[in-house]
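Everything below concerns the one structure shown next.
The values are calculated or read from the model by the stated rules, or taken from the named source; none is laboratory data. Not measured: the values here are computed from a predicted model. Reconstructed Cβ throughout: ideal geometry from the backbone, glycine too, with neighbour counts over all protein chains shown. Surface areas here come from the heavy atoms of the whole protein model, side chains and all, with no ligands, DNA or RNA. Shrake-Rupley method; radii C 1.70, N 1.55, O 1.52, S 1.80 Å.
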Amino acid sequence: MSKKLEDYTEEEWENICTHCGKCCLLKLQDDETEEIFYTDIVCKYYDQEHGRCSVYENRCELVPECLKLTKDNVKNIRWMPDSCAYRRLAEGREPAPFSSIKSRCISETEVSENELEDHIVDWDDL
């Protein structure tokens, strides 16, 4: 029998993350269709070398649009990648093979806002 989502401790929950970085990619949403598009642009606080947020404990204060995933909200976050370990657990699926954004993206500090659409990606492992 597998463990229920609500039975995970805070520490166990944090350890589910594979640090793929996909949730740290900038996303665009079509105003008419509400479709979500991923870009190859990553948050300026994502440390690509180590595959982690460099300001993890303060991320939601420093980046107001950063969302803290919890056992209560993970099922309602539409933009979470299909390969996300949290999402897959919440949906009762097995973990996906690990893939990372490491070496596949650029920092948001290197891209102007009017260039965002030029960076939309269609990676199979999102």
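Points worth noting:
- Scanning the range 68-86 for residues that are among the basic types (Lys, Arg) and within 17 Å of Lys27 (Cα to Cα) turns up Lys68, Arg78.
- Under the condition of being assigned to a loop (DSSP other than H, G, I, E, B) and closer than 22 Å to Tyr8 by Cα, the residues counted in the range 36-74 number 7.
- Selection over the range 116-126 of residues that are in contact (Cβ under 8 Å) with a residue 24 or more places away in the chain and either in a helix (DSSP H, G or I) or not acidic (Asp, Glu) (or both) gives a count of 7.
Yes or no, residue by residue, for (1) of a type outside the set (Asp, Glu); (2) more than 16 Å from Asp125 (Cα to Cα); (3) modelled with pLDDT of 90 or more:
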position: Ile36; (1), (2), (3): yes, no, yes
position: Asp40; (1), (2), (3): no, no, yes
position: Cys53; (1), (2), (3): yes, yes, yes
position: Tyr56; (1), (2), (3): yes, yes, yes
position: Val63; (1), (2), (3): yes, yes, yes
position: Ala85; (1), (2), (3): yes, no, yes
position: Leu89; (1), (2), (3): yes, yes, yes
position: Pro95; (1), (2), (3): yes, no, no
position: Arg104; (1), (2), (3): yes, no, yes
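- Cβ-Cβ distances below 9 Å connect the following pairs, each with a first residue in the range 86-110 that is hydrophobic (A, V, I, L, M, F, W, C), a second residue that is open to solvent by 90 Å² or more (accessible area, probe 1.4 Å) and part of a helix (DSSP H, G or I), and a separation of six or more residues or different chains: Ala90/Lys75.
- In the range 88-115, the residue that is least open to solvent (accessible area, probe 1.4 Å) out of those that are out of contact with any Leu (no Cβ under 9 Å at 6 or more places or on another chain) and assigned to a helix (DSSP H, G or I) is Arg88.
- The residues listed here are Glu49, Glu32; of these, the one that is open to solvent by 40 Å² or more (accessible area, probe 1.4 Å), more than 25 Å from Asp72 (Cα to Cα) and at pLDDT 95 or above is Glu32.
- Qualifying residue in the range 62-83 (condition: open to solvent by less than 100 Å² (accessible area, probe 1.4 Å) and of a type in the set (Asp, Glu)): yes
- The single condition among (1) touching a strand residue (DSSP E or B) at 6+ places or on another chain (Cβ under 9 Å); (2) free of Cβ contacts under 8 Å to residues at least 40 places away in the same chain that Asn15 does not meet is (1).
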